[in-house]
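Undergrad: Starting off with a structure, shown below.
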Amino acid sequence: IMQFHLGFQPAVSQYKITHQDGVLFFGSCFSEHIANRMLDLKFKIHTNPFGIVFNPKSIVTSLHRIIHKRYFKDEDVFEKEGLWYTLEAHSSIHSISKNELLERLNHSIDIWNKELCSANYLFVTLGSAFAYQHKQQEKIVANCHKLPQALFEKTLLENHEIIVDFQELIEDIKSINPHLKWMFTVSPVKHLRDGVVQNNLSKAILIQSVHQLVKQNAHCFYFPAYELVIDDLRDYRFFESDMAH
């Protein structure tokens, strides 16, 4: 008989999420899907205040912004084809006026700052170790918003910088919420535009970084979403027609 499963049984966590727990999701589109499933089941969920974010650097930058209430200012937003955006959020976060966008972004900071202080769990889903740096501003962006490619430089983040960035963030959040449990996942979604080999290199960097962070921090854990999809459900019947999601 043909076996369609590897029979992979992840270890069961000693921690059980209840309907009383505050649960936050931050990161790639995988985190949005899981958050929506949990919302359907009436859990207390908040997800991606700045929309989907794929790379670790932008996730860290966003969470620092929230912790320290670094509100968005005029110079952080720009207009394109009649709509206002910021390079620090997904293109789904836009408004028809500058002030409206700033209000929306800064309102999200207020809500998330409050939630981070009291949440029980923070799920962080890393999507890709590839990131885009705005050449003029010399900073990694969360989204390029289909601006001219010449404005950006593609870069592959290294695991040691990801570990250092997250370790600083973990200490930072510990100062406002010492009881928060971190649940790291690596998104099984394939970034095929980077190429198959490059996508695997990117995922390998993320997996290695996460395992090091879990090893360094007693309140950090790894949920093997990547392994469940790529190794256990290794059949394209479980994927969408793009063969990536």
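The values are calculated or read from the model by the stated rules, or taken from the named source; none is laboratory data. Because the structure is predicted, anything quoted here is derived from the model rather than measured. Don't worry about glycine lacking a Cβ; one is built from the backbone with ideal geometry, like all the others, and counts go over all protein chains shown. To get the accessible areas, we keep the full protein, side chains included, count just its heavy atoms, and leave off ligands, DNA and RNA. Shrake-Rupley method; radii C 1.70, N 1.55, O 1.52, S 1.80 Å.
Undergrad: If we count GluC sites (Glu not before Pro) as exposed when they sit in a DSSP loop and have at most 13 other beta carbons within 10 Å, what is the longest stretch of the chain that avoids them all?
TA: Result for the longest clean stretch: 159-239.
Undergrad: From the helices alone, meaning DSSP H stretches of at least four residues, give me the mean residue ellipticity at 222 nm for the chain, per-run term -39500 (n - 2.57), in deg cm²/dmol to the nearest 500.
TA: -11000 deg cm²/dmol
Undergrad: Amide H to amide H, which residues 5 or more places from Phe123 or on other chains are under 5 Å from it, using H placed in the peptide plane?
TA: Leu24, Phe25, Phe26, Met183
Undergrad: Okay, next question. Could you run the Karplus curve 6.51 cos²θ - 1.76 cosθ + 1.60 with θ = phi - 60° over the range 169-177 and give me ³J(HN,Hα) per residue in whole Hz, x for Gly and Pro?
TA: 5, 4, 5, 4, 5, 4, 5, 9, 8
Undergrad: Next up: Please list, by residue number, every one of the trypsin sites (Lys or Arg not before Pro) in the range 145-202 that is coil in DSSP and has at most 14 other beta-carbon atoms within 10 Å.
TA: Qualifying residues, ordered by number: Lys146.
Undergrad: Another question about this same structure. So, taking all protein chains as they sit and a 1.4 Å probe, how much accessible area belongs to Met243, in Å² rounded to tens?
TA: Per-residue accessible area (Met243): approximately 90 Å².
Undergrad: Same structure again: Subtract the Cα-Cα distance of Lys73 and Glu240 from 0.36 nm times their separation in residues, and report this length gain in nm to one decimal.
TA: That works out to 56.2 nm of additional length.
Undergrad: Still on this structure: Suppose each label sits 7 Å from its Cα in the direction of the beta carbon; what would the Glu153-Ser95 distance come out to in nanometres?
TA: It is 3.3 nm.
Undergrad: Compute log10 of I(q)/I(0) for the range 171-236 with the Debye formula, placing one identical point scatterer on every Cα and leaving out solvent, at q = 0.15, 0.23, 0.28 Å⁻¹, to two decimals.
TA: Result of the Debye calculation: -0.58, -0.99, -1.22.
Undergrad: Gain in length, Ala204 to Ile176, computed as 0.36 nm per residue apart minus the alpha-carbon separation, to one decimal in nm?
TA: The Ala204-Ile176 span can extend by a further 6.9 nm.
Undergrad: Okay, moving on. Accessible area, 1.4 Å probe, largest first: how do Arg234, Arg65 sort?
TA: In descending accessible area the options line up as Arg234, Arg65.
Undergrad: With both bridge residues required to lie in the chain, what share of the DSSP beta bridges run antiparallel, to the nearest 5%?
TA: About 40 percent, rounded to the nearest 5.
Undergrad: Sticking with this structure for a sec: Determine the relative contact order of the chain: mean sequence separation of Cα pairs under 8 Å and six or more apart, normalised by residue count, in whole percent.
TA: Value for the chain: 22 percent.
Undergrad: May I pose another question? At q = 0.13, 0.24, 0.25 Å⁻¹, what log₁₀ I(q)/I(0) does a Debye calculation on the Cα points of the range 11-77 give, no solvent, two decimals?
TA: Log-scaled intensity ratios, in q order: -0.47, -1.10, -1.13.
Undergrad: Using all Cα-Cα distances in the chain, what percent lands in each 5 angstrom bin from 0 up to the longest?
TA: The percentages, shortest bin first, are 1, 6, 13, 17, 19, 18, 13, 8, 3, 1, 0, 0, 0.
Undergrad: Step by step: find N for the range 132-200, compute 2.2 N^0.38 Å, then divide the Cα radius of gyration by it. What's the final number?
TA: Compactness ratio reported: 1.43.
Undergrad: Still on this model: Please state the equivalent ellipsoid semi-axes for the range 1-117: what are the square roots of 5 times the Cα gyration tensor eigenvalues, largest first, in whole Å?
TA: Sorted largest first and rounded, they come to 33, 18, 13 Å.
Undergrad: Take the alpha carbon gyration tensor of the range 122-245, find the square roots of its eigenvalues, order them as a ≥ b ≥ c, and report rounded if a/c is under 1.5; if not, report prolate when a/b exceeds b/c, else oblate.
TA: oblate
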